[in-house]
Structure formats: structure tokens, C-alpha cells
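Participant: So that we are looking at the same thing, I have put the structure below in C-alpha cells.
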Amino acid sequence: MNQNYEARLSQSTPRNGAFTPTVSIFLSEMWPHELLDIELPRFRANTFITPQTHIKSRNMKFNFLITLMLLVVLAGYSQEVLLKNVRVIDGTGKRPSEKMNIVLDQGRIKTISKKEIISTGHVIDLTGKTIMPLITNVHGHLGMSKGTTVVPENYNREHIARELERYQSYGVGTVVSMGTDKELIFSMRDASRSGKLPGATVFTAGYGFRPPLGSRPQETGMEKLYRPATAGEATENVKTLAVLKPDMIKIWVDDMGGTAEKIKPDVYRAIVSEAHKHGIRVAAHLFYLEDAHLLLDAGVDIFAHSIRDKEVDKALIERMKEKGIIYIPTLTRDAYEFFYGTERPWMNDPFFQASLEPGVLEMISSNEYKKRILNNPRLQENKDAFNMALKNLKKLHDAGVMVALGTDSGAQPVRAQGFSEHLELQLMVEAGLTPLQAITVATRNACLALKLSDQGMLLPGMRADFVVLNSNPSEGIKSTQSIHSVWKNGVQVSSGPITK
Ligand SMILES: [Zn+2]
């Protein structure tokens with residue numbers, strides 16, 4: 001193995017008046033697998049502080065690292081943290097609470113109140129700042145885009161690990177990779193879920209289902225897809241996939257603008273029926289209202305995109321509520337089909353640019369790219385689909401359907417991971433949700449969609465997973481972009497995507 005890393009040690013670094021011992025290790029080149037087998041989350045307890053002393057070494061002995069890690073565990077992790085005077089958006093949808101004091105202990109929120117608290121632990125004054133739960137993205141993709149390419153080689157451990165760190169730096173704490181994965185994802189998912197892999201926590205739909213003659217995106221790296229021709233074949237495929245314990249199953253039910261075959265209803269009925277026998281839910285890529293009705297008949301659990309051809313009807317709304325269907329609008333996905341045909345106000349914004357892979361900004365800024373969008377014969381249809389998505393989101397949300405945030409980020413270079421989740425919040429507000437409603441969709445609802453009952457809300461006993469913001473997003477949703485720091489399991493894991 002190529003052991004190529006750097007350790008930085010500082011015994012005591014001031015931050016907001018408190019002193020905390022700190023060790024940071026920066027990994028480069030190959031991902032050192034051995035590190036993953038150690039108590040990495042505890043080690044990461046204090047990696048947020050700018051180190052004062054550097055110990056730099058190449059090919060250093062591994063037991064030295066272990067010693068450093070133990071030092072950190074002993075020194076810092078057990079300490080309580082008190083966050084003082086902070087505005088709290090708790091994710092439930094209620095108005096922000098002002099000047100709250102929050103005690104974090106053992107990775108969870110111990111108390112949260114207006115009461116003055118004397119703490120012997122680490123005290124951080126957050127006067128003027130706002131905290132909200134981490135964003136959960138219930139529809140994303142990992143290991144697909146790199147630079148301006150979407151090729152099979154992009155699916156590797158190092159690249160996916162970087163993507164997870166990027167999501168996390170944008171305050172996205174969890175991401176569902178929606179049906180475009182390969183074998184590697186299952187070991188990474190398990191490492192991520194047990195806290196041994198840094199970055200956003202991974203959920204996966206494993207290998208998705210497309211029709212035998214549908215669009216053939218193998219050249220983009222989706223060679224693991226199932227393409228059952230019959231219900232019997234579909235049942236066998238689900239049995240094989242279920243062994244790997246995917247968090248859900250993804251099916252594509254779309255003719256891609258009349259250019260491809262759709263999965264037949266008898267085939268997807270078999271997929272849903274077998275998935276449910278294994279206790280696995282099924283998420284459907286869809287476009288048409290008619291398919292939405294058929295998918296409900298089949299017992300599908302999650303709509304992974306907006307319904308974009310027609311306005312949703314009363315019968316559909318009632319059926320969705322009755323069955324507890326989760327609706328993931330992915331508005332950014334539809335926006336990117338035409339947004340960069342014209343200059344967008346955020347294109348010079350470092351918060352946006354930091355989310356882009358190398359070459360993407362040049363690509364979307366080029367006249368050639370603009371022309372391709374503006375000359376697309378489907379341009380008007382794309383805009384109409386986006387506008388219908390906005391309208392249907394508002395209608396479904398107002399009616400009480402469970403809406404959860406998803407973006408489709410990562411599937412294409414233009415669908416930037418991290419930024420897209422914040423743009424999605426803005427577009428939900430454009431659709432007519434209030435900023436607090438949009439935040440609830442991105443936090444509490446998205447966690448409920450994944451059955452994560454102790455995340456997505458800032459309440460006593462819940463996991464201390466949150467983002468600290470410099471301004472208040474309940475007064476303007478763009479303030480979710482003013483990231484001061486990102487916290488997971490009660491420790492700071494990032495100071496945001498922009499180098500300060
Ligand atoms: Zn997708």
C-alpha cells in the first residue's frame with residue numbers, strides 16, 4: 001500500500017476562548033484502508049482547529065498514528081460542548097428560537113434551552129449565528145461525474161470519498177446514491193454507516209432496474225443495472241440484489257421524451273412485490289402523471305422525481321397521502337436542463353464555484369454550451385417540465401404529502417454536489433414554500449424518508465448533526481449558503497466549502 005500522508009499536531013489551540021488538543025491527519029494519494037479500521041470518528045473529534053505545530057512525515061510507521069489517535073480520544077472527545085446564544089432552526093418547521101444554549105454530549109444534544117448554563121467543557125459563543133440540522137439528500141449519485149466526464153473509471157474509492165467530503169462541507173450529512181452503484185458501494189456504505197469513513201453518510205439503492213431495450217447508459221458506468229424482460233426474471237434479480245441489503249431499490253419508468261422503452265407494469269409490479277417481501281422499499285424515477293397512478297397501483301413507495309407532464313389530480317394526491325408516499329422533487333435536475341443557457345447570478349459566487357469539478361465552470365460559461373442549450377429542440381419542453389414541477393410541488397406540499405429533498409446531484413458534471421442541495425432549497429421557495437418549510441423538507445422530512453428517527457431535528461436526545469450559519473435562512477433562504485461550520489456527532493467536521 002502506498003502510505004502517503006501527513007500528520008499535524010498541536011497540543012493546545014485557542015478557539016473562541018477555549019483550548020483543545022488537536023491532531024489532524026491529511027490523507028493523500030491512495031486511501032489508506034488500515035485507517036478505516038480504527039476509531040476514526042473519535043479521532044476526527046478535534047480536526048477542525050487550525051494546527052499550530054506540524055509534524056510532517058512520509059511513510060511513517062502506522063503505530064505512531066494509532067498513538068496520536070489515542071491521545072486525541074483521551075484528550076478531547078469525552079468533553080461536553082456548550083454552544084451559547086445561538087438562534088435555532090430545529091427542523092420541525094417552527095419559528096426559530098433566539099439566544100438558545102445547547103449542550104452537546106457523546107455526539108448528541110443533551111439539553112437545549114434559554115437557561116444560563118455553566119459548563120466546565122468547551123464553550124463556544126455563537127451570538128448572531130443560526131444553527132439548523134444537516135441537509136439530507138434522498139436522491140443523489142456517487143462515483144459518476146469527475147471533471148467534465150461521466151465514465152466508468154470515475155467509480156472508485158478515492159473519488160467517492162472526496163465526493164462524500166464535499167457533500168459534508170456543504171452541510172449535506174447524508175446522501176442516497178440512487179441506483180447507479182457497483183460492488184464497491186456496499187463496503188463503503190458499511191464503513192460510512194459505522195462511522196469509519198469521513199464525509200456524508202452513504203445510503204444506496206445498489207443496482208437499479210431499467211427495461212431491456214431502454215436507454216443504454218453503460219458507457220457512463222452504469223453497467224451493473226438489471227434489465228429484466230419478464231416478471232419472473234425481475235423477481236430473481238430482486239432476490240439477488242436483496243442479499244446485498246440495499247437501502248431501497250430504484251426503477252426507471254420513463255420513455256425519456258419518447259426516445260426509449262419503459263419498464264412494463266407487470267415487470268415493475270414483480271419488482272415491488274419481491275422487494276417488499278425482503279422489507280425493501282422501491283423508489284421510481286418517473287415523469288408522467290399516468291405512470292404515477294400505475295406505480296401507486298403497483299405499490300411503489302417513493303417518487304424519486306417530480307411529476308412533470310401534467311398537474312397532479314385530486315385522486316393522486318389522496319392516494320399518495322393514504323399510502324404515505326414520499327415525493328422527491330429534484331427541481332435542480334430539471335433546472336440544469338436549461339438554466340445555463342443564460343447567465344445565472346451565482347456563477348461568480350465562490351460558494352458555487354467550489355462545488356464544481358475542474359473544467360465545469362469553463363464548460364458552462366462557454367458560448368458553445370449556451371448555444372447547445374438554446375438550440376436544443378426540447379428547450380421549451382424542458383422549461384415547461386420545470387414549471388410543472390414547481391406547481392406540483394406546491395400543490396402536493398400544501399395537501400400534506402410527505403416531500404423530502406433530493407437533487408440528482410452527481411449524475412452529471414453540471415449537477416454539482418453540495419451547491420445543488422442549496423439551490424434546491426431556493427427553488428422550493430420559488431415554488432411557494434416558506435424558507436422554514438423548505439428547510440423541514442431538507443432535514444426532518446428527508447430523515448423520516450430514510451427512517452432516521454434520531455436525526456434531522458435539533459431536539460434533546462437527537463444526534464448533534466448540524467450546520468452553523470452566519471445569517472438567518474428563515475429570513476432569506478440563500479442564507480443556508482453562509483456556512484460557518486459543519487458538525488456531525490457533536491464535533492466540527494468542516495468549516496464549509498470555501499477556504500477562509
Ligand atoms: Zn437520479
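Participant: Could you go through the stretch 298-311 and let me know if any residue there is within 16 Å of the ligand (Cβ to nearest atom), in a helix (DSSP H, G or I), at pLDDT 95 or above and of a type in the set (A, V, I, L, M).
Facilitator: No - not one qualifying residue is present in the stretch 298-311.
Participant: Name the residue that is farthest from the ligand (Cβ to nearest atom), counting only residues in the stretch 224-257 that are charged (D, E, K, R) and in contact (Cβ under 8 Å) with a residue 60 or more places away in the chain.
Facilitator: We begin by selecting, within the stretch 224-257, every residue charged (D, E, K, R); these are 224, 227, 233, 236, 239, 245, 247, 250, 254-255.
From the residues that got through so far, the ones that are in contact (Cβ under 8 Å) with a residue 60 or more places away in the chain too are 247, 250.
Details: ASP247: 15, LYS250: 8 Å.
Taking the candidates together, the pick is ASP247.
Participant: Let me ask another. Given (1) away from the ligand (no atom under 15 Å from the Cβ); (2) part of a helix (DSSP H, G or I); (3) touching a residue at least 12 places away in the same chain (Cβ under 8 Å), identify the lone condition not met by ASP190.
Facilitator: (3)
Participant: What is the one condition in (1) modelled with pLDDT of 95 or more; (2) in a helix (DSSP H, G or I); (3) more than 20 Å from the chain's Cα centre (by Cα) that LYS110 does not satisfy?
Facilitator: The single condition LYS110 does not satisfy is (2).
Participant: Looking only at residues in the stretch 411-467 that are out of contact with any Gly (no Cβ under 9 Å at 6 or more places or on another chain) and at positive phi, which one is surrounded by the fewest Cβ atoms within 10 Å (Cβ to Cβ)?
Facilitator: Selected residue: LYS451.
Participant: Can you list residue pairs whose Cβ atoms sit under 7 Å apart, with the first residue in the stretch 173-187 being small (Gly, Ala, Ser) and the second being within 12 Å of the ligand (Cβ to nearest atom)? Count only pairs 6 or more apart in sequence or on different chains.
Facilitator: Every condition considered, the pairs that remain are SER177/GLY140; SER177/HIS141; SER177/LEU142; SER177/ALA205; GLY179/ALA205; GLY179/GLY208; GLY179/LYS250.
Participant: I would also like to ask the following. Given the conditions (1) surrounded by fewer than 20 Cβ atoms within 10 Å (Cβ to Cβ); (2) without any contact (Cβ under 8 Å) to a residue 40 or more places away in the chain, and given that LYS395 satisfies all but one, which numbered condition is not satisfied?
Facilitator: Here LYS395 clears every test but (2).
Participant: Okay, moving on. Residues in the stretch 199-213: is at least one of a type in the set (A, V, I, L, M, F, W, C), over 28 Å from TYR327 (Cβ atoms), surrounded by fewer than 24 Cβ atoms within 10 Å (Cβ to Cβ) and not assigned by TED's automatic domain parsing to the domain that holds ASN472?
Facilitator: yes
Participant: Of all residues in the stretch 321-350, how many are farther than 24 Å from ASN445 by Cβ and either more than 16 Å from the ligand (Cβ to nearest atom) or outside the structural domain of MET428 (by TED's automatic domain parsing) (or both)?
Facilitator: 13
Participant: Quick check, is LEU294 at pLDDT 95 or above and in the same structural domain as ASN382 (by TED's automatic domain parsing)?
Facilitator: Yes.
The values are calculated or read from the model by the stated rules, or taken from the named source; none is laboratory data. Fair warning: this is a prediction, and the values are worked out from it, not measured in the lab. All Cβ positions, glycine included, derive from the backbone under ideal geometry; neighbour counts span all protein chains shown.
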